[in-house]
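The values are calculated or read from the model by the stated rules, or taken from the named source; none is laboratory data. The model shown is predicted, which means the values in this text are computed figures rather than measured ones. Cβ sites come from the backbone with ideal geometry, for glycine too, and all protein chains shown count toward neighbours. When the accessible area is computed, the model is the full protein with side chains, heavy atoms only, and any ligands, DNA or RNA have been set aside. Shrake-Rupley method; radii C 1.70, N 1.55, O 1.52, S 1.80 Å.
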Amino acid sequence: MRVLIVKDEQEGGRIAFDQIKGAMATGQLNVLGLATGGTPCTLYENIRNSNLDFSNTISVNLDEYVGLGAEDPQSYHYFMQEQLFNVKPFKKSYIPDGKKGEEACAEYNQILKEHPIDLQILGLGQNGHIGFNEPGTPFTTPTHKVQLTKSTIEANKRFFDCVEDVPTEAYSMGIDSIMQAKSIILLAYGEKKADAVAKMIQGEITEDLPASILQKHPDVTIIIDEAAAKDLKH
């Protein structure tokens, strides 16, 4: 793991952007894995304001809420359109279909098989989840349907009118799928992420802390601010 401690999420977004730009310049970025939520927004801002051309690049997203269609303003389809795709369209963009049944998982696993990820962007949940892979998720899991934990629902309620509106299920790219990406950039900011950051980097590898499996990946860059780094032992 390469751990980069930055001043704030603006600097973190710039550094992550520079890594994407560098990968594109060498022709090593055919498939880019994308994340949602507040954490990658400064990265997407840098991409929107750049001259990068993604017309020959495929994107795959980590997850989608079960029951929300692409036109729903709370869906991750809609989020990605607003944050990135409306300004920077890709050759093709894949996101799990929240309106489909369990077959959505098998379909997405096939998409990932056909389009191996060169670089995956990740955020980090306060409970150590990556994607929507909650604590206890087997490391061997492919794309699957997830029951969201209370802490995840609570963390995501800021995007909804009230906590009752937050979906309780999601389709998520599995940990096994994430680990097959050639390179990974994980972003985490703020004191609330400090405990998960420390356990991810310096704790034991355990399914109780899903992100801890990244210790076994050969090419991971962790970008965190000083608040998120406060529990690291030096």
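Every listed requirement among (1) farther than 25 Å from F17 by Cβ; (2) of a type in the set (S, T, Y); (3) open to solvent by 20 Å² or more (accessible area, probe 1.4 Å) is met by S183 save one, (1).
T36 meets the conditions (1) β-branched (V, I, T); (2) modelled with pLDDT under 95; (3) closer than 16 Å to P116 by Cα in every case but one. The failed one is (3). Output the residues belonging to the stretch 151-193 that are more than 26 Å from S59 (Cα to Cα), touching a strand residue (DSSP E or B) at 6+ places or on another chain (Cβ under 9 Å) and either assigned to a loop (DSSP other than H, G, I, E, B) or hydrophobic (A, V, I, L, M, F, W, C) (or both). The answer is G190, and nothing else. All conditions but one from (1) within 26 Å of Q147 (Cβ to Cβ); (2) outside any strand (DSSP E or B); (3) touching a residue at least 40 places away in the same chain (Cβ under 8 Å) apply to V60; the one that does not is (2). Applying the criterion of being more than 24 Å from G22 (Cβ to Cβ) and not basic (K, R) to the residues of the stretch 186-199, the residue that is most open to solvent (accessible area, probe 1.4 Å) is E191. Pairing residues of the stretch 113-125 that are under 11 Å from L29 (Cβ atoms) with residues that are at pLDDT below 95 and open to solvent by 10 Å² or more (accessible area, probe 1.4 Å), at Cβ distances under 8 Å and at least 6 apart in sequence or on separate chains, gives D118/Q28. Whether any residue in the stretch 110-130 is under 20 Å from D72 (Cβ atoms) and assigned to a loop (DSSP other than H, G, I, E, B) is what I want to check. Looking through the stretch 110-130, none of the residues is under 20 Å from D72 (Cβ atoms) and assigned to a loop (DSSP other than H, G, I, E, B). Scanning the stretch 99-119 for residues that are open to solvent by less than 70 Å² (accessible area, probe 1.4 Å) and in contact with a Leu (Cβ under 8 Å, 6 or more places away or on another chain) gives I117, D118, L119.
Do we find a residue being in contact (Cβ under 8 Å) with a residue 12 or more places away in the chain, touching a helix residue (DSSP H, G or I) at 6+ places or on another chain (Cβ under 8 Å), under 17 Å from L34 (Cβ atoms) and assigned to a loop (DSSP other than H, G, I, E, B) anywhere in the stretch 77-93? Yes, because at least one residue in the stretch 77-93 is in contact (Cβ under 8 Å) with a residue 12 or more places away in the chain, touching a helix residue (DSSP H, G or I) at 6+ places or on another chain (Cβ under 8 Å), under 17 Å from L34 (Cβ atoms) and assigned to a loop (DSSP other than H, G, I, E, B).
If you check S212 against the conditions, is it assigned to a helix (DSSP H, G or I) and touching a Pro at 6+ places or on another chain (Cβ under 8 Å)? Show your work before the answer.
Values: assigned to a helix (DSSP H, G or I): yes; touching a Pro at 6+ places or on another chain (Cβ under 8 Å): no.
Spelling it out, it is not the case that S212 is assigned to a helix (DSSP H, G or I) and touching a Pro at 6+ places or on another chain (Cβ under 8 Å).
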